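Working notes, beginning with the structure itself.
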Amino acid sequence: MTLSAFDHPWLGGLFADEAMAGIWSADKQLAHMQAFEAAWSRALGAHVLGDESLGEAAATAIETVVFDVSDIRAGLAKDGVPIPRMVAQMKAAAGATASDAGAVHKGATSQDVVDTALVLTLRETSEVLALRLAELNAALQGLQDKFGDRPMMGRTRMQAATEITVGDRAMAWRLPMVAHLERLDQLRSRVEVVQIGGASGDRKALGANADAVVADVAKSLSLAPTDKAWHAMRDGVVEYASFLSLVSGSLGKIGQDMCLMAQQGVDELRMSGGGASSAMPHKQNPVLAELLVTLAKFNATQVSGMHHAMVHEQERSGAAWSLEWMILPQMAQSTARGLSAAIDLCGRIERIGAAV
């Protein structure tokens, strides 16, 4: 038994998205944090320690660590972050020489590691979402091409208005997907940036070499450098959450329309493979369309929590920061599942428009 519908033994059959779950998994997060620490050690060796071999030795050791997750879990319960126990394990792997030389984690702070790992996760998330948005756009264009000239009743405030075409309504489904692709492309340049600040976000421990270290780590991870740490400036992460809610909201509009169009007595949409009823075998419930509405409402609720998480006190917050950990993964999974469900739904549609 789990507490999340996304990985529940049977609720997951409706809500889970395996690809997105893998991207946000603990194993993938550990791998991203490990990649940051290895890149950090190499940058320290090159720009701070004056000995690239020390940095390389530490980085190589870090890349081969098999982390004791139970130890990290116990440490997080005490420290509120996973990094102190991870650093201890990495130093043990690197050995006394590299540790004493400060080639492991020196000058970094826990939030540098966790936030950069988050950015790497968001980059993978964006790649999946971009592909699915493009696929859904094509599927909706296909429906528009196939059924677009057919007449149907336009409705305002759920009352009959004037006659329109299927294409008129389908364009209101499809055009937001084009806009979301444009938004995502713009958003990625603001989000896919390295996090480096050190203890109080001023990079002071790196001295005159701070810019070189930041540039080196960013290049190693294929991220953009920043002029300042964004420890307490969460607008980029929250903007990403808002984007997720915008996408799922557009999908919810499609789902709501399709549910209403498929109603008996309206019969403006027919689809195959509807859900069965345990009591009424004649029914074909529009399960996937309903799911789009549910996921849209879920993300609209969650995004408010992410806006609360913008309020980081002074140079760093534990409370606001950890709120992100609880909310953002579920929002990403909701959006990904909504896109896959919408693509599936488009493939099931046999007719749109008034029955002939």
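The values are calculated or read from the model by the stated rules, or taken from the named source; none is laboratory data. Fair warning: this is a prediction, and the values are worked out from it, not measured in the lab. Don't worry about glycine lacking a Cβ; one is built from the backbone with ideal geometry, like all the others, and counts go over all protein chains shown. SASA here: full protein model, heavy atoms, side chains in, ligands and nucleic acids out. Shrake-Rupley method; radii C 1.70, N 1.55, O 1.52, S 1.80 Å.
Just a few scattered comments:
- Residue list for the stretch 1-51, restricted to those being part of a helix (DSSP H, G or I) and closer than 19 Å to Gly338 by Cα: Gly12, Gly13, Leu14, Phe15, Glu18, Ala19, Met20, Ala21, Gly22, Ile23
For (1) farther than 30 Å from Asp344 by Cβ; (2) among the acidic types (Asp, Glu), each residue gets a yes or a no:
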residue: Ala77; (1), (2): yes, no
residue: Val104; (1), (2): yes, no
residue: Asp115; (1), (2): yes, yes
residue: Leu118; (1), (2): no, no
residue: Leu136; (1), (2): no, no
residue: Gly142; (1), (2): no, no
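- Scoring Pro176 on the criteria (1) in contact (Cβ under 8 Å) with a residue 60 or more places away in the chain; (2) within 15 Å of the chain's Cα centre (by Cα) leaves a single failure, condition (2).
- Total residues in the stretch 167-214, condition open to solvent by 50 Å² or more (accessible area, probe 1.4 Å) and within 30 Å of Glu52 (Cα to Cα): 8
- The set of residues in the stretch 322-352 being open to solvent by less than 10 Å² (accessible area, probe 1.4 Å) and assigned to a helix (DSSP H, G or I) consists of Glu324, Leu328, Met331, Ala332, Ser334, Thr335, Ala336, Gly338, Leu339, Ala341, Ala342, Leu345.
- If you check Ala139, Ala218, Ala241, Ala160 for being open to solvent by 10 Å² or more (accessible area, probe 1.4 Å), aliphatic (A, V, I, L, M) and assigned to a helix (DSSP H, G or I), only one passes: Ala139.
- Residue satisfying condition, being out of contact with any Lys or Arg (no Cβ under 6 Å at 6 or more places or on another chain), within 30 Å of Arg337 (Cα to Cα), buried (at least 19 other Cβ atoms within 10 Å of the Cβ) and of a type in the set (Asp, Glu), within set Asp115, Asp145: Asp115
- The stretch 1-57, subset of a type in the set (Asp, Glu) and farther than 20 Å from Thr116 by Cα, residue least open to solvent (accessible area, probe 1.4 Å): Asp17
- Members of the stretch 244-253 that are of a type in the set (A, V, I, L, M, F, W, C) and either in contact with a strand residue (DSSP E or B) (Cβ under 9 Å, 6 or more places away or on another chain) or open to solvent by less than 10 Å² (accessible area, probe 1.4 Å) (or both): Leu244, Val247, Leu251
- Only one of Val66, Val81, Val104 that is closer than 27 Å to Trp321 by Cα, part of a loop (DSSP other than H, G, I, E, B) and open to solvent by 30 Å² or more (accessible area, probe 1.4 Å): Val66
- Cβ pairs under 7 Å, 6+ apart, first in the stretch 217-235 and on the phi < 0 side of the Ramachandran plot, second of a type in the set (Asp, Glu) and open to solvent by 80 Å² or more (accessible area, probe 1.4 Å): His231/Glu315; Ala232/Glu315
Residue by residue, here is whether (1) closer than 26 Å to Gln256 by Cβ; (2) among the aliphatic types (A, V, I, L, M); (3) part of a helix (DSSP H, G or I) holds:
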site: Gln144; (1), (2), (3): yes, no, yes
site: Gly154; (1), (2), (3): yes, no, no
site: Ile164; (1), (2), (3): yes, yes, no
site: Arg174; (1), (2), (3): yes, no, yes
site: Leu181; (1), (2), (3): yes, yes, yes
site: Leu187; (1), (2), (3): yes, yes, yes
site: Gln195; (1), (2), (3): no, no, no
site: Ala199; (1), (2), (3): no, yes, no
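- Taking the stretch 148-157 as the range and being open to solvent by 30 Å² or more (accessible area, probe 1.4 Å), closer than 24 Å to Gly347 by Cβ and without any contact (Cβ under 8 Å) to a residue 60 or more places away in the chain as the test, only Asp149 passes.
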